[in-house]
Amino acid sequence: MKTLLVNNQKYSHRTQYITEEVSEKLRARGVEVLVDDGSGTITADDIDNIVVLGGDGTMLRAARTYGQRELPILGVNMGTVGFLSNIEVNEVDEYLDQFLRGDYTLDTMMMLQVDLYEKDEIINTYYCLNEVVIKSRAPHMITLNYRINGQPCLPYKGDGLIFATPAGSTAYSLSAGGPIVDPDLEALLITPVAPYTFFAFGQKPAVISAHRVIRINPPADKEIVMNIDGHVTLEFKPHNFIEIRKATRGLQLVNLKEVPFLATINKRLKRNAGK
């Protein structure tokens, strides 16, 4: 068996120590270990599973990088929230053998595929677990033209638009006034950021079918950026357009212990409130 450990080793000595500790536990059980500490992508094609050591940011990076490989991914929380993690770092000894036996269920989390076009040719494809945000580089209002399944929507005017998954509904979209969506659902969320008017589709939060395809064209007179999962920022130039759709494959999260969705939400909201 071969396990990939994903962490942010370069940011934390504690993370480096925990990674070495978990690696030794795995090797003692006859498991070959590879480590992705953020310095480069591991391209080996014979990996059996992935363990992510960190918080939600590390999990989002793992999802973008490895999510389309359909490997079981166990999140081990070392952050403050760990919404996407299943166990805490102090529970590794308790659950490690169960994980290696494959004694778990898999929760499939919907991901988004973002195709960046130049003219009519795809020049790059990105994947994300939470959201895609389109906004102005400078702090001023923008106008965005977009279509859903080829049907034009009224132009959006405001600070930006968030296109989120159900998993991302509890992230930036929630802060901007979007709804919390059960991750068992497959849906696309459109959440406006400081819209200029509320009297049009897309000016208030909307939930649409995950089978829709959204096409966005940037305005010609503004510097627009596209941000993916809060970590990857790209220029969105006038000669480009993007299409956002449900990715073919979802993230396969390992579920070793059943934690009800609402209990996880309540735990997160209490932590964010400092209670």
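Each reported figure results from applying straightforward, stated rules to the coordinates on display, with no laboratory input. From a predicted model like this one, the values you see are computed outputs, not experimental measurements. Cβ atoms come from the backbone with ideal geometry, glycine included; neighbour counts cover every protein chain shown.
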Worksheet item: Points 7 angstrom from Cα along the Cβ direction at Asn255 and Met1: gap in nanometres?
Response: 2.1 nm
Item to complete: Find the relative contact order for the chain and round it to a whole percent, using C-alpha pairs within less than 8 Å whose residues are 6+ positions apart.
Response: 19 percent
Worksheet item: Taking other Cβ within 10 Å of each residue's Cβ, how do Tyr126, Tyr17 sort, fewest first?
Response: Tyr17, Tyr126
Worksheet item: With labels modelled as points extended 7 Å from the Cα through the Cβ direction, what inter-label distance (nm, one decimal) is found for Glu32 paired with Ile265?
Response: 4.3 nm
Practice prompt. Pairs to check: Lys2/Lys246; Lys119/Lys222; Lys204/Lys246; Lys157/Lys237. Give those whose C-alpha atoms are more than 24 Å from each other in this structure.
Written response: Lys2/Lys246
Practice prompt. Output the antiparallel fraction of DSSP beta bridges having both residues in the chain, as a percent to the nearest 5.
Written response: 75 percent
Worksheet item: Under the Karplus relation 6.51 cos²θ - 1.76 cosθ + 1.60, θ = phi - 60°, what is the ordered set of whole-Hz ³J(HN,Hα) values for segment 207-220, x standing for Gly and Pro?
Response: 10, 10, 4, 5, 8, 7, 10, 9, 10, 10, 10, x, x, 7
Item to complete: For Val35, list long-range residues whose amide hydrogen, built 1.01 Å from N in the peptide plane, is under 5 Å from its own amide hydrogen.
Response: Leu5
Worksheet, complete the sentence: Length gained, Glu94-Ile122, 0.36 nm per residue minus C-alpha separation, equals 5.5 nm
Worksheet item: Ratio of the chain's C-alpha Rg to 2.2 N^0.38 Å, to two decimals?
Response: 1.05
Response to the item:
If the chain between His140 and Arg14 were fully extended at 0.36 nm per residue, the gain over the current Cα-Cα distance would be 41.3 nm
Item to complete: Return one number: the angle in degrees, 0 to 90 and rounded to the nearest 10, between the long axis of the Cα atoms of helix 56-66 and the longest principal axis of the Cα atoms of the chain.
Response: 90 degrees
Fill in: Percent RCO, i.e. relative contact order, over segment 112-246, from Cα pairs under 8 Å lying at least 6 residues apart
30 percent
Worksheet, complete the sentence: Simple spin-label estimate for Lys204/Glu235, 7 Å along Cα→Cβ, in nm, reads 3.9 nm
Item to complete: Working from Cα positions, state the angle (0 to 90°, nearest 10) between the long axis of helix 261-272 and the longest principal axis of the chain.
Response: 80 degrees
Worksheet item: So what J values fall out for segment 21-28 if you push phi through Karplus, 6.51 cos²θ - 1.76 cosθ + 1.60 with θ = phi - 60°, rounded to Hz, Gly and Pro as x?
Response: 5, 5, 4, 5, 4, 5, 5, 5
Fill in: Backbone HN-Hα couplings from phi across segment 143-152 [Karplus 6.51/-1.76/1.60, Hz, Gly and Pro as x]
10, 10, 9, 8, 10, 10, 6, x, 8, x
